[in-house]
Every structure is written in structure tokens, then in C-alpha cells.
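Following: one structure in C-alpha cells, then a few remarks.
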Amino acid sequence: QGKIVFEMNKQPTPENCITLTNLKTVERLFVAVTRRVCPRFSPYLPKAAWQMKQIITALDWTTALVTLNLLRGLDSSSSSHPSFRVSAKCKGTNSFMSSQEVAKMVSSGIKSLASNNNKIGFGSVDLRLYDIEVYVNITDAMMVVGLAYSRSPLCVRSYAKNKGLRGPISYVIGLLGEIRPNDIVLDPMCGTSSHVYHLNVFVLAPILILSNFTNLLKIFLIFLSYFPLLQ
């Protein structure tokens, strides 16, 4: 499902996290709270909300929050009640619950935990100026809950000023194309040129030819016009 789960043998540190964030195929980085077989939620929303609350309140949030703070280089006591928001995706047989409904259910469970146990460390919900983003993904097979390491996706590159092909995808294409340093790279449908920008950073291919289909057709017609001279 596009998710890779791994365990760290050493205590999490900002240095460990630098290694993770430098992975070129990473879109988002999360501290896993749980990854479990997804239950079948009741189609009756009040009962589904009760089921969700039972799952959320049984999770080990304290360990996940401590791990996240260690990766961020923060003291666990520096922000005792950080604000949070919940981002949710729901697919498959449980898709009768909208993303907004799932987010509301999870938020309600977290707030009930925080009110009953101050050590949990969550504060109020803030959809814009949040400190922590709680990620929930529900499919027929799995239910994943995690805490996002950063506010913005890791695939966002500072040098890419225009929206286009994401960095991880460009890197995979470069690997499949076996592009090496000093290769000539032609992008016949460059669009915003994001792909060749990524390739230039990833594999240091200094010779880049940008074109769209119209320009490429013009180049081809010019080449044909000189073809008799080549004979």
C-alpha cells in the first residue's frame, strides 16, 4: 500500500532523522502509533464512533510522542500540551465514513484521553497552527495511525519553484532510465521542467534539453529539411 514500516535499533535522535529525511523516495515520514488489521466498523455512525474511540484510547500515545520529540530534537517536557489536527483517509468497505467524520472521531478519542490523563500530552485541536499532525489511513486490510514528523511533505524540494512531477517519482524514473552523470537528458514534454530539475540534483546530469511536443516537432521538421543535404 505504499507504506514502509521499520524499527530503529538505537534511541531516536535528530541525527537518525537526518538519515531518514535524506532518502530520495520518501514522501512523508511518520512515527507509527499503530499498524493493525482494520476492524469492520458499524455502518451506524454513533456505534462506529464508539468503536473508533475504543481503538484510539487503547493506543500507546506517550511512547509515540516521546519518539517524535526525540527525532525533532525537542525536550518531551518543552511543550506539554501541543495542539494537533487529524488528517484521515478511508477507503474500501469502511468508506461510508467520510474523511471528516473519521478525523472527528479520532480527535474526540484523543481529547478524551488528554482530559483523563495529563501525561498524554495533547492540547486543543487547531486545524491551521497545529504542532502535531495525526495521520489516519483506513483500508479494508489495515488501519494505520501515525504522527507526522514535519508539517510539509518531504517530497517538497526548495529548488522546485513550480508544481510538477514530485521528487521521489523523478528519482525512480532516473533509476529506471539508468541516467548517469554527464548524460544528455531530453524531456520532450517538460511542462514546468520539474523532472529535469530533480534529475540535475539527483544524478548531476549537466546537459539538459528541455522541449515540449510542439518544439520537438519543429526540430524534427528542420532536421528533415536538411536531410537531402546529408546525402
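Quick check: residue separation of Ser42 and Arg157 times 0.36 nm, minus the Cα distance between them. What number comes out in nm? Don't jump to the answer; show the numbers that get you there.
Details: separation 115, 0.36 × 115 = 41.40 nm, distance 4.15 nm.
Roughly 37.3 nm would be gained on extension.
Modelled label-to-label distance, Met8 and Leu20, 7 Å Cα→beta-carbon offset: nm?
0.5 nm
Which pairs break 31 Å Cα to Cα here: Lys24/Lys104; Lys3/Lys47; Lys111/Lys163? Walk me through the numbers before you get to the answer.
Numbers: Lys24/Lys104 33 Å; Lys3/Lys47 29 Å; Lys111/Lys163 36 Å.
Pairs exceeding the cut-off: Lys24/Lys104; Lys111/Lys163.
How large is the accessible surface of Ser112 in square angstrom, using a 1.4 angstrom probe and rounding to the nearest 10?
Solvent-accessible area, nearest 10 Å²: 20 Å².
The values are calculated or read from the model by the stated rules, or taken from the named source; none is laboratory data. Here the structure is a predicted model, which means the values were calculated and not measured. Glycine gets a Cβ as well: all are built from the backbone with ideal geometry, and neighbour counts include every protein chain shown. These accessible areas exclude ligands, DNA and RNA; they are computed on the full protein's heavy atoms, side chains included. Shrake-Rupley method; radii C 1.70, N 1.55, O 1.52, S 1.80 Å.
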